[in-house]
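Worksheet for the structure shown next.
The values are calculated or read from the model by the stated rules, or taken from the named source; none is laboratory data. Remember, it's a predicted structure, so these values are computed and weren't measured experimentally. Counting neighbours? That spans all protein chains shown, and the Cβs are built from the backbone with ideal geometry, glycine included. Accessible surface is based on the protein model in full, side chains and every heavy atom, while ligands, DNA and RNA are left aside. Shrake-Rupley method; radii C 1.70, N 1.55, O 1.52, S 1.80 Å.
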Protein chains: 2
Amino acid sequence: MAKKDKAAGASGGASGSVRDALRVTADGPASVPTDATPVGPTSKAEAAERLASIGTELHDLQEALYAESARSVLLVLQGMDTSGKGGTIEHVVGLMNPQGVRIASFKAPTKAELRHDFLWRVRRQLPVAGQIGVFDRSHYEDVLVVRVNELVAEDVWRDRYEQINEFEAEVAAAGATVVKCFLHISADEQKERLLARLDDPAKQWKYNPGDVDVRTRWSAYQQAYADALTSCHTDIAPWYVIPADRKWYRNWAVASLLLETLRELAPVVPGPTYDVTAERARLTEADPIS
Amino acid sequence: MAKKDKAAGASGGASGSVRDALRVTADGPASVPTDATPVGPTSKAEAAERLASIGTELHDLQEALYAESARSVLLVLQGMDTSGKGGTIEHVVGLMNPQGVRIASFKAPTKAELRHDFLWRVRRQLPVAGQIGVFDRSHYEDVLVVRVNELVAEDVWRDRYEQINEFEAEVAAAGATVVKCFLHISADEQKERLLARLDDPAKQWKYNPGDVDVRTRWSAYQQAYADALTSCHTDIAPWYVIPADRKWYRNWAVASLLLETLRELAPVVPGPTYDVTAERARLTEADPIS
């Protein structure tokens, strides 16, 4: 009973799941307004309240996943500059015990990395059983910035969609549940956020003139995202479009996706593999300390 | 003025620093009661209140360290089973932005790791500039469990004290401030905690019968810790003895050591390396979006 109420609370109503509401459609992200609230809270205050209770449950489920130590979760965060990948890590991933979380940030590849297959450095950062892995950018950069900047020929990046699907199927088969989130912001919102960085001396270090160069190719990036999301949206590794103009909605949505995922996994804390009574005796009557 | 008040708040009085109060002495940890409160709060409620305000400041200083991206901090956590290494990570390290934290947990080495020098796997986990690295156990295991279980000859582990001192000097020279904490609990407190794990089905998975085997060698371990702490206590990489029978004191103490360390480092958020006015114009009058 209590469990059912909780479920309704997280998904924004008994009627449907957050995953169903946010899963990318064949139209791609363009059909989703960046300030939409298709499911869940409709105000900042409501979102904050819900996020707190989601946090408690996420924390417990993550501990169980860690204790079970058999399966993992991989959260992939993608989005334009300022879309809130870092903020999501701080405010959503930060709700969980840092011991069970593994965060990998993928910057422009080094020369050494470029001499390997594009998936090489990604495989090295996969979560192990029991962990929640978080990718701040990912292998998708190899069909996004690489495509827009024409760093490889078209047939090379096009082939990567299939390579990515095979890779993610392999990751899933190895026990990871893959949750891919596109943090979807508008060009206007990006402008506001870039200006906010420029105007606040405490934030100026976050501003990179290169971000404006990237911005000049806004529509090319949107097209690249649309193609990547629709080409690499599989049952086993679906893409979710997170309306991200509002930070509170973004945080609630990603936290809720994680929560639904962990509830479905329903990790089980393993029972004792030893004799509890005998161990109790070892520690009391026969305390071996010396 | 405000800064000075804050400093007093964290160190438990204007009179001295937490680092001074907790630094190991030539007598080793045995001279420190495991339930002592030599500095700082004397009640759970007071500790909780202080920890919250320490958390806020830690968070801001860590962001500045990350922004500065020139230096790092390495927090080494050592202690007997149940001494609270995991709890410290959850409650102290968890106060900071997970993006700037790198946690490494050192279990028994694998066969492949054993074919390398004992410091090999440790070097690979060092924090990079801007990060706070956390070692959950560390290279010290190679003069603790390795010594007690006689896994190598005495001259081999004895030589390691000097090797460790040289290694830590090298790490410090490369820009890391090393903070080493021995979580100091009593044998009685360990017994209570082990029994608590046995008695709570939700915690039974944390109980490992091997921990009781280790417990049989309690005094050998205490001796190994005393020698390691006094032999590897240097100006550049000091050891702190954290009375850890009370979890609230342990958390406050480790958080305060980190806070003092970061305050002293006083990381500076870098100013803009670009022309703010020109960038503003690029984003407004000449918004290049397409």
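Please determine whether any residue of segment B:126-137 is open to solvent by 50 Å² or more (accessible area, probe 1.4 Å) and farther than 16 Å from residue B:174 by Cβ.
Scanning segment B:126-137, I find at least one residue that is open to solvent by 50 Å² or more (accessible area, probe 1.4 Å) and farther than 16 Å from residue B:174 by Cβ, so the answer is yes.
So, of the residues in segment B:209-232 that are in contact (Cβ under 8 Å) with a residue 24 or more places away in the chain and in a loop (DSSP other than H, G, I, E, B), which turns out to be farthest from the other protein chains (Cβ to nearest Cβ)?
To start, the set of residues in segment B:209-232 that are in contact (Cβ under 8 Å) with a residue 24 or more places away in the chain comprises B:211, B:214-215, B:217-218, B:220-222, B:224-232.
Restricting the remaining residues to those that are in a loop (DSSP other than H, G, I, E, B) gives B:217, B:232.
Values: B:217: 7, B:232: 25 Å.
Here the answer is B:232.
Being under 15 Å from residue B:33 (Cβ atoms) and part of a strand (DSSP E or B) is the filter here, so list the residues in segment B:178-206 that pass it.
Correct list: B:182, B:183, B:184.
Give me the pairs: first residue in segment A:197-208 and facing chain B (nearest Cβ under 7 Å), second residue of a type in the set (D, E, K, R) and open to solvent by 80 Å² or more (accessible area, probe 1.4 Å), beta-carbon distance under 8 Å, and six or more apart or on different chains, which are they?
Note: pairs meeting the criteria are A:198/B:280.
Within segment B:76-97, how many residues are more than 15 Å from the chain's Cα centre (by Cα) and closer than 28 Å to residue B:66 by Cα?
Start the filter on segment B:76-97 by keeping residues that are more than 15 Å from the chain's Cα centre (by Cα), which leaves B:81-82, B:97.
Going one step further and asking which of them are closer than 28 Å to residue B:66 by Cα, we end up with B:97.
The qualifying residues number 1.
Cβ-Cβ distance below 9 Å, separation of 6 or more or different chains: which pairs start in segment A:93-115 with a residue that is within 13 Å of another protein chain (Cβ to nearest Cβ) and in contact (Cβ under 8 Å) with a residue 24 or more places away in the chain and end on one that is open to solvent by 60 Å² or more (accessible area, probe 1.4 Å) and of a type in the set (Val, Ile, Thr)?
Every condition considered, the pairs that remain are A:95/A:56; A:102/A:128.
If residue A:69 satisfies every condition in (1) in contact with a strand residue (DSSP E or B) (Cβ under 6 Å, 6 or more places away or on another chain); (2) within 12 Å of chain B (Cβ to nearest Cβ); (3) touching a residue at least 60 places away in the same chain (Cβ under 8 Å); (4) over 16 Å from residue A:260 (Cα atoms) but one, which is the exception?
(1)
Answer yes if at least one residue in segment B:220-231 is closer than 20 Å to residue B:123 by Cβ and surrounded by 17 or more Cβ atoms within 10 Å (Cβ to Cβ), and no otherwise. Break it down into steps so the answer makes sense when it comes.
First, pick out the residues of segment B:220-231 that are closer than 20 Å to residue B:123 by Cβ: B:228.
Then drop every residue that is not surrounded by 17 or more Cβ atoms within 10 Å (Cβ to Cβ), which leaves B:228.
Yes - at least one qualifying residue is present in segment B:220-231.
Across segment B:139-173, which residue is farthest from residue B:68 (Cα to Cα) among those that are small (Gly, Ala, Ser) and not in a loop (DSSP other than H, G, I, E, B)?
In the first step, residues of segment B:139-173 are kept if they are small (Gly, Ala, Ser); the result is B:153, B:169, B:172-173.
Applying the additional criterion that residues be not in a loop (DSSP other than H, G, I, E, B) yields B:169, B:172-173.
Details: B:169: 22, B:172: 17, B:173: 17 Å.
Checking each candidate, the answer is B:169.
Answer yes or no: is there a residue in segment B:33-51 that is polar (S, T, N, Q), at pLDDT 95 or above and either open to solvent by less than 10 Å² (accessible area, probe 1.4 Å) or within 18 Å of the chain's Cα centre (by Cα) (or both).
Yes: one or more hits.
Just checking, does segment A:243-250 include any residue being in contact with a Leu (Cβ under 7 Å, 6 or more places away or on another chain), hydrophobic (A, V, I, L, M, F, W, C), over 30 Å from residue B:271 (Cα atoms) and open to solvent by less than 20 Å² (accessible area, probe 1.4 Å)? Before the answer, list the steps.
Initially, segment A:243-250 is screened for residues in contact with a Leu (Cβ under 7 Å, 6 or more places away or on another chain), giving A:244, A:250.
Subsequent filtering for residues that are hydrophobic (A, V, I, L, M, F, W, C) retains A:244.
If we keep only those that are over 30 Å from residue B:271 (Cα atoms) too, we end up with none.
There is no residue in segment A:243-250 that is in contact with a Leu (Cβ under 7 Å, 6 or more places away or on another chain), hydrophobic (A, V, I, L, M, F, W, C), over 30 Å from residue B:271 (Cα atoms) and open to solvent by less than 20 Å² (accessible area, probe 1.4 Å).
Return a yes/no flag: does segment A:258-278 have any residue that is under 14 Å from residue A:88 (Cα atoms), more than 10 Å from every other protein chain (Cβ to nearest Cβ), at pLDDT 95 or above and in contact with a Leu (Cβ under 9 Å, 6 or more places away or on another chain).
Residues of segment A:258-278 that are under 14 Å from residue A:88 (Cα atoms), as a first pass: A:258.
When the remaining residues are screened for being more than 10 Å from every other protein chain (Cβ to nearest Cβ), the result is A:258.
Still in the list and also at pLDDT 95 or above: A:258.
From the residues that got through so far, the ones that are in contact with a Leu (Cβ under 9 Å, 6 or more places away or on another chain) too are A:258.
Yes - at least one qualifying residue is present in segment A:258-278.
From the list A:127, A:201, which one is more than 24 Å from residue A:246 (Cβ to Cβ), modelled with pLDDT under 95 and either in contact with a strand residue (DSSP E or B) (Cβ under 7 Å, 6 or more places away or on another chain) or not hydrophobic (A, V, I, L, M, F, W, C) (or both)?
Working: A:127 fails: modelled with pLDDT under 95.
The unique qualifying residue is A:201.
If I filter segment A:75-84 for residues that are among the acidic types (Asp, Glu), farther than 18 Å from residue A:258 by Cβ and out of contact with any Phe, Trp or Tyr (no Cβ under 8 Å at 6 or more places or on another chain), do I get at least one hit?
Yes, some residue in segment A:75-84 is among the acidic types (Asp, Glu), farther than 18 Å from residue A:258 by Cβ and out of contact with any Phe, Trp or Tyr (no Cβ under 8 Å at 6 or more places or on another chain).
Checking the conditions here, which among A:266, A:228 is among the small types (Gly, Ala, Ser) and touching a helix residue (DSSP H, G or I) at 6+ places or on another chain (Cβ under 8 Å)? Write out each step before concluding.
Details: A:266 fails: touching a helix residue (DSSP H, G or I) at 6+ places or on another chain (Cβ under 8 Å).
Result: A:228 is the single residue among A:266, A:228 that is among the small types (Gly, Ala, Ser) and touching a helix residue (DSSP H, G or I) at 6+ places or on another chain (Cβ under 8 Å).
For segment A:160-194, which residues satisfy the criterion of being open to solvent by less than 90 Å² (accessible area, probe 1.4 Å), closer than 24 Å to residue A:214 by Cβ and not hydrophobic (A, V, I, L, M, F, W, C)?
Residues satisfying the conditions are A:160, A:161, A:180, A:184, A:186, A:189, A:190, A:191, A:193.
Based on what the data block shows, is residue B:147 over 18 Å from the mean Cα position of the chain (by Cα), surrounded by 14 or more Cβ atoms within 10 Å (Cβ to Cβ), in contact (Cβ under 8 Å) with a residue 40 or more places away in the chain and within 19 Å of residue B:106 (Cα to Cα)?
On the way: over 18 Å from the mean Cα position of the chain (by Cα): yes; surrounded by 14 or more Cβ atoms within 10 Å (Cβ to Cβ): yes; in contact (Cβ under 8 Å) with a residue 40 or more places away in the chain: yes; within 19 Å of residue B:106 (Cα to Cα): yes.
When the stated conditions are applied, residue B:147 passes them.
Residue-by-condition table, conditions (1) in a helix (DSSP H, G or I); (2) more than 30 Å from residue B:38 (Cβ to Cβ); (3) out of contact with any strand residue (DSSP E or B) (no Cβ under 6 Å at 6 or more places or on another chain):
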{"residue": "B:241", "(1), (2), (3)": "no, no, no"}
{"residue": "B:257", "(1), (2), (3)": "yes, no, no"}
{"residue": "B:270", "(1), (2), (3)": "no, yes, yes"}
{"residue": "B:277", "(1), (2), (3)": "yes, yes, yes"}
{"residue": "B:287", "(1), (2), (3)": "no, yes, yes"}
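Can you give me the number of residues within segment B:107-140 that are touching a Lys or Arg at 6+ places or on another chain (Cβ under 6 Å) and over 30 Å from residue A:91 (Cβ atoms)?
So in segment B:107-140, the residues touching a Lys or Arg at 6+ places or on another chain (Cβ under 6 Å) come out as B:113, B:127, B:131, B:133, B:136.
Filter once more, keeping what is over 30 Å from residue A:91 (Cβ atoms): B:113.
Number of matching residues: 1.
For residue B:235, work out the one condition from (1) crowded, with 18+ Cβ neighbours inside 10 Å; (2) away from chain A (no Cβ under 14 Å); (3) more than 15 Å from the chain's Cα centre (by Cα); (4) not polar (S, T, N, Q) it doesn't fulfil.
(1)
Name the residues in segment B:114-125 that are more than 15 Å from the chain's Cα centre (by Cα) and surrounded by fewer than 21 Cβ atoms within 10 Å (Cβ to Cβ), would you? Write out each step before concluding.
Our first condition is that a residue be more than 15 Å from the chain's Cα centre (by Cα); within segment B:114-125, this holds for B:114-121, B:123-124.
Passing the criteria: B:114, B:115, B:116, B:117, B:119, B:120, B:121, B:123, B:124.
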